């Protein structure tokens, strides 16, 4: 299991389009993916789960991955956050 804290950097926050980019990238990997924020934990491969967080710009969250490709998945997902959800990896 690996985890890392990230910050939502895009101005609009984690709304529908960024959430769909995040879920699409995460779904390419076999590892389980969860996002922990404000005491809640959601499935990071579920667009509804991600959107329920209503993460605004500047929100901090913890990414948690567990599985055979967890390191590669974590790197790809962190890159999505760093690129402000603009480009897939």
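Each reported figure results from applying straightforward, stated rules to the coordinates on display, with no laboratory input. These figures come from a predicted structure and were not determined experimentally.
Before moving on, here are some points about what is shown:
- Computed lengthening from residue 2 to residue 48, 0.36 nm per intervening residue step minus Cα-Cα distance: 14.2 nm
- The orientation-averaged shadow of the Cα convex hull for the chain, equal to a quarter of the hull surface, comes to 4.6 nm².
- Between 0 and 90 degrees, the angle of helix 70-82 with respect to the longest Cα principal axis of the chain falls at about 20 degrees.
- In degrees, nearest ten, helix 16-26 long axis to first principal axis of the chain (Cα): 10 degrees
- A helix-only calculation puts the chain at -10000 deg cm²/dmol for mean residue ellipticity at 222 nm, using -39500 (n - 2.57) for each DSSP H run of at least four residues, averaged over all residues.
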